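Here is the structure we will look at.
Read the figures in this text as sums done on the coordinates, not as results from a lab. Everything numeric here is computed off the predicted structure, so don't read it as measured data. Reconstructed Cβ throughout: ideal geometry from the backbone, glycine too, with neighbour counts over all protein chains shown.
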Amino acid sequence: MRILLPLLLCCAAPVHAETLSAEIGSKGLTATEARLAALPSLTDADRFALGGVRFLSTVEAALQLRYSAGITDQTGMLPFLLLPLEDNPNPAAFEPAMISDLFRTMDENLEAARAPLAEIKGPSDFTVEINFADLWFDINANKTRDTGEEAMAVLGPMLMGWQWDSRDPATPAPVVKFDAADAAWLQAYTHLLQGISNVVLAYDPTEPIDRILQARAKLQSLGGVTPSFFTGAGTQGMDEVDVIAIAIASLQQTPDAARMTAAHGHFLTMIADNRRFWAEVAMESDNAAEWLPNDKQQSALGVALPPGTGTAWLAVLDDAEALLNGSKLAPYWRQDGAAGVNIAKVFSDPRPADLAGWVQGWAATPYLEQGQLVSDQNWNAFEQMMGGEAMLLSFYLN
């Protein structure tokens, strides 16, 4: 009995729970999401964790589709198509509908990711600590963490730009403590990506892709295709010239008005959530492994943001909102005086976007009107503050 009692007590004692970060590292995003989704009740930390894991799972699903179809080059000009991937030695046959299927899936998955985040109400003091060394994407869908699937290897170049290649490879991965303000940031990012997804789906590229791939196959059958004059290379039957042609041909189609309306709503809500983030982060007095810091904090990513970054970025968002609402107009290159393009009407009355028509003016005339033009003053001030890294940091700031 003296021997049995300690054994029974050990069996009855609760096992120390694995941290969320370690769970992702050992089990992957899919298994972690399933466990969180099955919880009978959720704390705010659980809600953020579930939303965050679903967001990362959305990225993972995009990477898996690209890898399976061999879309591993970076000729894409859209989110999810810009992230670097190793080439798949045995890709499945590429189908023209894969791109629209990708963004349709992304739209649905991002909606699911935002659902638990929206349930975080009012002041909340939760934290969710994530070591980026634990994050990985099952790119080849073999349920095993392989070389090149680390999140830092995939996302690092986008987050740090040229600094990624110049960093010391021995630099430890950042450890971030996400909090309630970051929930607003993540909600804003889901809306941004859903807005872009809906624009892509409004001008569904399936038929243009099919047409341009057939033309490329014809060129190939007649003796080959000359290398791209941009990079001298192309993979999986397409190069940059083909991608640009697909974009132009897609925009010449009659868009889905409902998708454009949905995109417009997502972009406006993204701005509202971003404002909420900056208001909440401004009230923080701690400095604990911050994702996106206020002026008195430091970023756990090691990205140095100058004082006043939030104020400058909110001014840029004010201009973006004014354009989306039509209270300010976008300058048009052939229009002199106080007149420009009403961007709100581009979404409410979407039409085929003929490139030649926009260059000459006939395609722009339905949207041209007199009114106050948006100034480039706020963007220029932000660009000057960021020291030439404005476009890179805009992805970070959202």
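How far is helix 151-160 tilted, in degrees, relative to the longest principal axis of the Cα atoms in the chain, given as a value from 0 to 90 rounded to the nearest 10? Relative to the chain, helix 151-160 is tipped by roughly 50 degrees.
Computed from phi, the 3J(HN,Hα) profile of segment 294-308 under the Karplus parametrisation 6.51, -1.76, 1.60 (θ = phi - 60°) reads 8, 5, 9, 10, 10, 7, 5, 6, x, 8, 8, 9, x, x, x Hz, with x in place of Gly and Pro.
Of the residues Ser41, Ser299, the one with the fewest other Cβ atoms within 10 Å heads the list, and the complete ranking is Ser41, Ser299. Label sites at Trp333 and Asp354, each approximated as a point 7 angstrom past Cα along Cα to Cβ, lie 1.8 nm apart. This ranking places Arg35, Arg216 by how few other beta-carbon atoms lie within 10 Å of each, fewest first, which gives Arg35, Arg216. When you restrict to C-alpha pairs under 8 Å that are six or more residues apart and normalise by the size of the chain, the relative contact order lands at 15 percent. Taking a straight line from the alpha carbon of Lys218, these aspartates and glutamates sit under 13 Å away, with near neighbours fewer than eight places off in the same chain left out: Asp210. Multiplying the residue separation of Asp146 and Thr261 by 0.36 nm and subtracting their alpha-carbon distance yields 37.3 nm. For Leu329, the residues 5 or more places off, or on other chains, whose built amide H falls under 5 Å of its own are Gln372, Leu373, Val374. Under the simplified labelling scheme, the Glu369-Glu129 pair shows an inter-label distance of 5.4 nm, with each label point 7 Å from Cα along Cα→Cβ. Subtracting the Cα-Cα distance of Asp318 and Ala215 from 0.36 nm times their residue separation leaves 32.7 nm of extension gain. Taking Cα centre as origin and charging only the Cβ of basic (Lys, Arg, +1) and acidic (Asp, Glu, -1) residues, the dipole magnitude of the chain rounds to 440 debye. Overall form of segment 259-397: prolate. Here a/c, set by the Cα gyration tensor axes a ≥ b ≥ c, is 1.5 or more, and a/b is the larger of a/b and b/c. Counting only alpha carbon atoms, the long axis of helix 309-325 and the longest principal axis of the chain meet at about 50°. Averaging 1/r over each pair of different alpha-carbon atoms in segment 329-398 and inverting the result gives 13.9 Å, the Kirkwood hydrodynamic radius.
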